[in-house]
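The values are calculated or read from the model by the stated rules, or taken from the named source; none is laboratory data. Here the structure is a predicted model, which is why all the values come from computation and not from measurement. Cβ atoms come from the backbone with ideal geometry, glycine included; neighbour counts cover every protein chain shown.
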Amino acid sequence: MQNDLIHVMTQTFEGHAQETEGGIEYWLARDLQHLLGYTKWDNFLNVISKAKTACEVSEHAISDHFADVGKMVDLGSGSQREINDIMLTRYACYLVAQNGDPAKSEIAFAQTYFALQTRKAELIEKRMLEAERISARKKLTTTEKELSELIYEQTGGNDNFALIRSKGDRALFGKNTQAMKARWRVPDNRPLADFAPTIILKAKDFATEITIHNARTQNMNREAQISSEHVVNNQAVRETLLNRGIRPEDLLPAEDIKKVERRLTSEDKKALKTPEGV
């Protein structure tokens, strides 16, 4: 019986969820009022007020999670009038539930429901960011391989490719590769890029792509030319980052990319063995 009730309540809460055109999930406060067992709007506004305070204390922008809106309601006479309402994100609903009357069974359910849903969303976002970093690392590997092959095609050799890449690092970070490895505590036998945050991986990739483009279109046939081009492009990318308040050498290292890949692969295997809902 308890499981049936939980199933019904879950469907009820999910049934009232809506989405903006941008795909942001939300609940209307007047719907949530009844879902949480509040009969009076003024009483529920007091709970929302506490939730807004909690939002601000948590250093989240209230306007990002609580948006005042108006909606039309039918009157007995057949006419309509506009009433005030509030669009609440999943996080806002969680805060409302946390500040509601714990004696209400609806509140007890909502506290668990929105806590789990919020946690689930955070895990999804974290996984997407990790997958994006892995993708950026693979893209950089491909781009650097393309540059190495281009140097060989146009100059007849690429023995100094590692040196060219190191010069690019110095131009991007203002420090050489070894200095950055020491700063990020990267093992000597591992590439610096395996510990670089996503923005650095994309910055290095962008600079390398420009080098490939210019070396090809300008028919550079000397390694020194391509090396100089690569330095200039990394310096330009560095300037762009600095202008946006990002100092590459001051960024914290990211987790070892190989550990991230192993973790995601392991999670995928577990998900296949025990799919959600089974």
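Before moving on, here are some points about what is shown:
- Scanning the stretch 102-150 for residues being surrounded by 13 or more Cβ atoms within 10 Å (Cβ to Cβ) and outside any helix (DSSP H, G or I) gives a total of 1.
- In the stretch 34-51, the residues that are without any contact (Cβ under 8 Å) to a residue 24 or more places away in the chain and part of a helix (DSSP H, G or I): 34, 41, 42, 43, 44, 45, 46, 49
- Hey, residue 193 aliphatic (A, V, I, L, M), part of a loop (DSSP other than H, G, I, E, B) and in contact (Cβ under 8 Å) with a residue 40 or more places away in the chain or not: no
- Of the residues making up the stretch 93-112, those that are under 23 Å from residue 20 (Cβ atoms) and touching a residue at least 60 places away in the same chain (Cβ under 8 Å) are 93, 96, 97, 110.
- Of all the residues in the stretch 213-258, those that are β-branched (Val, Ile, Thr), closer than 12 Å to residue 168 by Cβ and crowded, with 20+ Cβ neighbours inside 10 Å number 2.
- Residue 115 being in contact (Cβ under 8 Å) with a residue 24 or more places away in the chain and of a type in the set (A, V, I, L, M, F, W, C): no
- In the stretch 211-224, the residues that are in a helix (DSSP H, G or I) and without any contact (Cβ under 8 Å) to a residue 24 or more places away in the chain: 213, 214, 217, 224
- Test for residue 268: is it within 30 Å of residue 10 (Cβ to Cβ) and free of Cβ contacts under 8 Å to residues at least 24 places away in the same chain: yes
- Candidate set from the stretch 57-73 (those that are assigned to a helix (DSSP H, G or I) and under 21 Å from the mean Cα position of the chain (by Cα)); member that is surrounded by the most Cβ atoms within 10 Å (Cβ to Cβ): 65
- Hey, residue 153 loosely packed, with under 13 Cβ neighbours inside 10 Å and among the charged types (D, E, K, R) or not: yes
- Test for residue 164: is it in contact with a Ser or Thr (Cβ under 6 Å, 6 or more places away or on another chain) and either farther than 29 Å from residue 126 by Cβ or among the hydrophobic types (A, V, I, L, M, F, W, C) (or both): yes
- Every pair of residues 6+ apart whose Cβ atoms lie under 7 Å, when the first sits in the stretch 138-165 and is within 20 Å of residue 257 (Cα to Cα) while the second is of a type in the set (A, V, I, L, M, F, W, C) and at pLDDT 90 or above: 140/193; 140/201
- Counting the residues of the stretch 167-190 that are of a type in the set (A, V, I, L, M, F, W, C), assigned to a helix (DSSP H, G or I) and touching a residue at least 24 places away in the same chain (Cβ under 8 Å) gives 5.
- Single residue of 56, 82 found to be at negative phi and either touching a Gly at 6+ places or on another chain (Cβ under 9 Å) or modelled with pLDDT under 90 (or both): 82
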